[in-house]
1. Which residue pairs have Cβ atoms under 7 Å apart, sit 6 or more places apart or on different chains, and have a first residue in segment 4-33 that is at positive phi and a second that is of a type in the set (Lys, Arg) and more than 8 Å from the ligand (Cβ to nearest atom)?
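The values are calculated or read from the model by the stated rules, or taken from the named source; none is laboratory data. Keep in mind that what you see is a predicted model, and the values were worked out from it rather than measured. Note: ideal-geometry Cβ built from the backbone for every residue, glycine included; neighbour counts use all protein chains shown.
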Amino acid sequence: MKHLIRKCTACGAYTLAQKCPKCGGQTADPHPPKYSPDDKYVRYRVAERYEGDKDYK
Ligand SMILES: [Zn+2]
């Protein structure tokens, strides 16, 4: 079973509802979707490094 806990973006209350029962604000999954930081960024940085090495000759 997947977790359904959500957090209000307005008041920070935890709830299972799409809308905060306290303030009616938007709730969001407090666990951000997984992404691989060593994919996009590393590639970008590597590319950047190659750009900087253009005058290596
Ligand atoms: Zn709230």
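1. none
Every residue, every condition in (1) at pLDDT 65 or above; (2) out of contact with any strand residue (DSSP E or B) (no Cβ under 6 Å at 6 or more places or on another chain); (3) within 16 Å of the ligand (Cβ to nearest atom), yes or no:
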{"position": "Arg6", "(1), (2), (3)": "yes, no, yes"}
{"position": "Ala10", "(1), (2), (3)": "yes, yes, yes"}
{"position": "Ala13", "(1), (2), (3)": "yes, yes, yes"}
{"position": "Lys22", "(1), (2), (3)": "yes, yes, yes"}
{"position": "Gln26", "(1), (2), (3)": "yes, yes, yes"}
{"position": "Pro30", "(1), (2), (3)": "yes, no, yes"}
{"position": "Lys34", "(1), (2), (3)": "yes, yes, no"}
{"position": "Glu51", "(1), (2), (3)": "yes, yes, no"}
{"position": "Tyr56", "(1), (2), (3)": "no, yes, no"}
